[in-house]
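J.: My structure is below; once you've seen it, I'll send some questions.
The values are calculated or read from the model by the stated rules, or taken from the named source; none is laboratory data. A quick note: this is a predicted structure, and the numbers were derived from the prediction, not measured. Here Cβ is always computed from backbone atoms with ideal geometry, including for glycine, and neighbour counts include all displayed protein chains.
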Amino acid sequence: MESAVSCPVPWTSQQLPAPRRGLASGIEYYAVRMTTDLTVRPARLDDAAGIARVHIQAWRESYAHLLPAASLAGLEQGPREERWRKIIAAAASDVWVACRGTDIVGWASAGTGRDEDPPRPRELNGIYVLASEYGSGAGQLLLDAAVGRGGAYLWIAEENPRAFAFYRRNGFVPDGATAAHDLAGTPVPILRMVR
C-alpha cells in the first residue's frame with residue numbers, strides 16, 4: 001500500500017530521507033513508510049473517527065492501572081471524534097496516523113511547546129498505539145514523524161513504564177518537572193521528559 005507521501009523506494013525510520021518543510025508548524029518533518037502494510041502519514045479530516053477509536057482503546061489498554069474502570073468504560077467516541085476534527089482542521093499541531101492497511105492503529109501529535117517556559121520549542125503532545133501493534137515499529141515511526149530526531153519534550157504519566165522505556169530508548173530523560181494532569185476525571189501524576 002502506498003502512503004499519502006510517496007517515495008520511490010521503501011525505507012524505515014533508520015533510513016530516513018532528508019527532512020521536508022511543511023505541515024502546521026512549518027518546521028522540518030520526516031515522511032515515513034515501511035515496506036509492509038504499516039504506513040505513517042499526515043492525518044486528514046476524515047481520519048478523526050479512526051484516531052478517536054484508537055485514542056479510546058489505547059487509553060483502556062494503557063491506563064487500566066491508573067484510572068477507574070468506570071471512567072475508561074465511559075469514554076465516548078462522538079465527543080472525542082469531534083475534538084479530533086477540530087484539532088486537525090485548526091492545523092495548530094501536526095497530527096500523524098499509523099495505518100495497518102486501511103485501519104488506523106496509532107497516532108501522534110506534536111507542535112509548538114505549550115508550557116509557559118518550554119525547555120524545547122517542539123512538544124510531543126501525544127502518541128498512542130494499539131496494544132496489538134506493540135513491537136511493530138508503529139510507535140517509532142510515529143515518533144520519528146512527529147518530532148524527528150531533534151530536541152523535543154513531552155509529559156508522561158509517572159506510572160507508565162512501557163512508555164517511559166520507549167522514550168528513554170529515544171534519548172528523552174526526565175528534567176525534574178512534575179505536575180498532575182486530569183485524565184478522564186482522575187488526577188494523574190505526570191513528569192516531563194526532554195531530549
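J.: Confirm whether Ile56 is among the hydrophobic types (A, V, I, L, M, F, W, C), surrounded by 14 or more Cβ atoms within 10 Å (Cβ to Cβ) and either touching a Pro at 6+ places or on another chain (Cβ under 8 Å) or in a helix (DSSP H, G or I) (or both).
T.: Yes, satisfied.
J.: Looking at the stretch 169-176, is at least one residue modelled with pLDDT under 95, assigned to a loop (DSSP other than H, G, I, E, B) and either under 16 Å from the mean Cα position of the chain (by Cα) or under 23 Å from Gly50 (Cα atoms) (or both)?
T.: no
J.: Let me ask something else. For a quick check of your reading of the model, give me the residue pairs whose first member lies in the stretch 154-179 and is more than 15 Å from Val129 (Cα to Cα), whose second is acidic (Asp, Glu), with beta-carbon atoms closer than 9 Å and at least 6 apart or on different chains.
T.: Sorted first by the residue in the stretch 154-179, then by its partner, the pairs are Leu154/Glu123; Trp155/Asp115; Trp155/Glu123; Asn170/Asp144; Ala177/Asp115; Thr178/Glu158.
J.: Now for a separate question. Those residues that are surrounded by fewer than 16 Cβ atoms within 10 Å (Cβ to Cβ) and not in a helix (DSSP H, G or I), I need them from the stretch 59-81; list them, please.
T.: The answer is Ala64, His65, Pro68, Gly74, Glu76.
J.: Residues of the stretch 180-195 being in contact (Cβ under 8 Å) with a residue 60 or more places away in the chain and aliphatic (A, V, I, L, M), which ones?
T.: Leu183, Ala184, Val188, Val194
J.: To continue, here is another question. What are the residues in the stretch 85-104 that are in contact with a strand residue (DSSP E or B) (Cβ under 8 Å, 6 or more places away or on another chain) and either surrounded by fewer than 17 Cβ atoms within 10 Å (Cβ to Cβ) or closer than 13 Å to Ala138 by Cα (or both), if any?
T.: Passing the criteria: Ala92, Trp96, Val97, Ala98, Cys99, Arg100, Ile104.
J.: Go through (1) under 24 Å from Ser71 (Cβ atoms); (2) polar (S, T, N, Q); (3) surrounded by 14 or more Cβ atoms within 10 Å (Cβ to Cβ) and name the single condition Ser136 misses.
T.: Going through (1) under 24 Å from Ser71 (Cβ atoms); (2) polar (S, T, N, Q); (3) surrounded by 14 or more Cβ atoms within 10 Å (Cβ to Cβ) one by one, Ser136 breaks only (1).
J.: Just to be sure before I move on: is Thr102 out of contact with any Phe, Trp or Tyr (no Cβ under 9 Å at 6 or more places or on another chain), polar (S, T, N, Q) and at pLDDT 95 or above in the structure I sent?
T.: Spelling it out, it is not the case that Thr102 is out of contact with any Phe, Trp or Tyr (no Cβ under 9 Å at 6 or more places or on another chain), polar (S, T, N, Q) and at pLDDT 95 or above.
J.: Name the one entry in Ala163, Ala110 that is touching an Asp or Glu at 6+ places or on another chain (Cβ under 7 Å), among the small types (Gly, Ala, Ser) and either in a strand (DSSP E or B) or surrounded by fewer than 21 Cβ atoms within 10 Å (Cβ to Cβ) (or both).
T.: Ala110
J.: Does Leu75 meet the test of being of a type outside the set (Val, Ile, Thr) and in contact (Cβ under 8 Å) with a residue 60 or more places away in the chain?
T.: The answer is yes for Leu75.
J.: Just a yes or no: is a residue in the stretch 32-46 surrounded by 12 or more Cβ atoms within 10 Å (Cβ to Cβ), assigned to a helix (DSSP H, G or I) and not charged (D, E, K, R)?
T.: No - not one qualifying residue is present in the stretch 32-46.
J.: Give the residue, chosen from Ile51, Ile104, Ile88, that is of a type in the set (Val, Ile, Thr), in contact with a Leu (Cβ under 7 Å, 6 or more places away or on another chain) and over 21 Å from Phe164 (Cβ atoms).
T.: The conditions single out Ile88.
J.: Here's another thing I want to ask about it. Which one of Ala157, Ala163, Ala184 is touching a helix residue (DSSP H, G or I) at 6+ places or on another chain (Cβ under 6 Å), more than 16 Å from Gly113 (Cβ to Cβ) and among the small types (Gly, Ala, Ser)?
T.: Being touching a helix residue (DSSP H, G or I) at 6+ places or on another chain (Cβ under 6 Å), more than 16 Å from Gly113 (Cβ to Cβ) and among the small types (Gly, Ala, Ser) holds for just one of Ala157, Ala163, Ala184, which is Ala184.
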